[in-house]
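A.B. asks: This is the structure I want to talk about, given as structure tokens.
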Amino acid sequence: MIGLNMLLDGENAVRGLHLFTDNDVFNVCEAKRASKSLEAHEPQVIAECLAIIAKYHASRANDQRSFKHLAFTLTSGEVWIFGVVDAEKRECFRTAELKLNMRDPTAVKHSTLRALMMLIMIWNTQPADVIKEAMTAYSNKN
């Protein structure tokens, strides 16, 4: 696995690596220990998303394509948060926490697992701007 620091900067940076193509979908995934609230880790994942977007723009200064949104997944394995960072507006949109009781897997509802699998699929197959639009469509109409 290539670390974020290796991709972004430093003497070990990968030279000439193109992080994105026109059709790529990128999702920053952070796995954390369950000992702390996931909300405490949100600033870190948001900062990483902003850094990736800034690096993209710095490496493609002459590129007119726009890259303003980046999706992220933050999880402890039992608690999951999905979100999208909007770098242009400096906003973060996120889901409510989805909680699974992994200490008693028989207590996990089928509908909860289905929702988790659906969110994982969406966050890894859809562009972040599309996800953001879907997350904000209802609130934008009011």
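The values are calculated or read from the model by the stated rules, or taken from the named source; none is laboratory data. Because the structure is a prediction, the values reported are computed rather than measured. We place every Cβ from the backbone using ideal geometry, glycine too, and count neighbours over all the protein chains shown. Please note that ligands, DNA and RNA were not included when accessible areas were found on the heavy atoms of the full protein model with its side chains. Shrake-Rupley method; radii C 1.70, N 1.55, O 1.52, S 1.80 Å.
A.B. asks: Out of (1) part of a helix (DSSP H, G or I); (2) open to solvent by 30 Å² or more (accessible area, probe 1.4 Å); (3) not acidic (D, E), the odd one out for W80 is which?
C.D. replies: W80 satisfies all of (1) part of a helix (DSSP H, G or I); (2) open to solvent by 30 Å² or more (accessible area, probe 1.4 Å); (3) not acidic (D, E) except (1).
A.B. asks: A further question follows. Identify, please: which residue in segment 83-95 is open to solvent by 60 Å² or more (accessible area, probe 1.4 Å) and either touching a residue at least 12 places away in the same chain (Cβ under 8 Å) or among the basic types (K, R) (or both) and is, among those, nearest to K36 (Cα to Cα)? Can you show your working first?
C.D. replies: Start the filter on segment 83-95 by keeping residues that are open to solvent by 60 Å² or more (accessible area, probe 1.4 Å), which leaves 88-91, 94.
After this cut, where a residue has to be either touching a residue at least 12 places away in the same chain (Cβ under 8 Å) or among the basic types (K, R) (or both) as well, the list is 88-90, 94.
Details: E88: 30, K89: 29, R90: 25, R94: 18 Å.
Within segment 83-95, the match that is nearest to K36 (Cα to Cα) is R94.
A.B. asks: Scan L4, L38, L19, L50 and give me the residue that is closer than 29 Å to L98 by Cβ, aliphatic (A, V, I, L, M) and at pLDDT 90 or above. Spell out the reasoning first.
C.D. replies: Values: L4 fails: at pLDDT 90 or above; L38 fails: at pLDDT 90 or above; L19 fails: at pLDDT 90 or above.
None of the others qualify; the one that does is L50.
A.B. asks: Residues being exposed (fewer than 12 other Cβ atoms within 10 Å of the Cβ), under 21 Å from K132 (Cα atoms) and at pLDDT 75 or above: count how many of those fall in segment 22-35. Talk me through it step by step, then tell me what you get.
C.D. replies: We begin by selecting, within segment 22-35, every residue exposed (fewer than 12 other Cβ atoms within 10 Å of the Cβ); these are 22-24, 31, 33, 35.
If we keep only those that are under 21 Å from K132 (Cα atoms) as well, we get 22-24.
Imposing the further condition that a residue be at pLDDT 75 or above reduces the set to none.
Looking only at that region, the number is 0.
A.B. asks: Please go through segment 79-127 and pick out each residue that is modelled with pLDDT of 90 or more and of a type in the set (D, E).
C.D. replies: Correct list: D86, E88, E91, E97.
A.B. asks: Still on this model: In segment 96-124, what count of residues is obtained for those that are open to solvent by less than 70 Å² (accessible area, probe 1.4 Å) and either farther than 15 Å from E78 by Cα or outside any loop (DSSP other than H, G, I, E, B) (or both)?
C.D. replies: 9
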